[in-house]
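Below is one structure, written out as structure tokens; the observations come after it.
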Ligand SMILES: [Ca+2]
Ligand SMILES: [Ca+2]
Ligand SMILES: [Ca+2]
């Protein structure tokens, strides 16, 4: 066993899906296509391309520094991976 966080799995939750849809609408006809598309450089459970769609940092597993990885926020919590106050601490 190592100390790396478990990779979130599961489908993209609405907040991130919405961010992706907005990105695609804004960049009509474009897709993020690089050789790194299918890699997960920071190990947060999101692909390089998805991080661009969601506006998160592909080299930072926790873009907003709230303690929840980008993958957790997008795939599990349905919180904003760019908002350190989402999810809030008032649960
Ligand atoms: Ca990331
Ligand atoms: Ca986070
Ligand atoms: Ca967040």
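Computed as a quarter of the hull surface, the mean projected area of the alpha carbon convex hull for the range 14-77 stands at 4.1 nm².
With both labels modelled 7 Å from their Cα along Cα-to-Cβ, the residue 28 to residue 13 distance reads 3.2 nm.
The ranking of 42, 86 from fewest to most other beta carbons within 10 Å of each one's beta carbon is 86, 42.
Since every read-out is calculated from the coordinates, none of them should be taken as a lab result. Everything numeric in this text was worked out from a predicted model, so none of it was measured. Don't worry about glycine lacking a Cβ; one is built from the backbone with ideal geometry, like all the others, and counts go over all protein chains shown.
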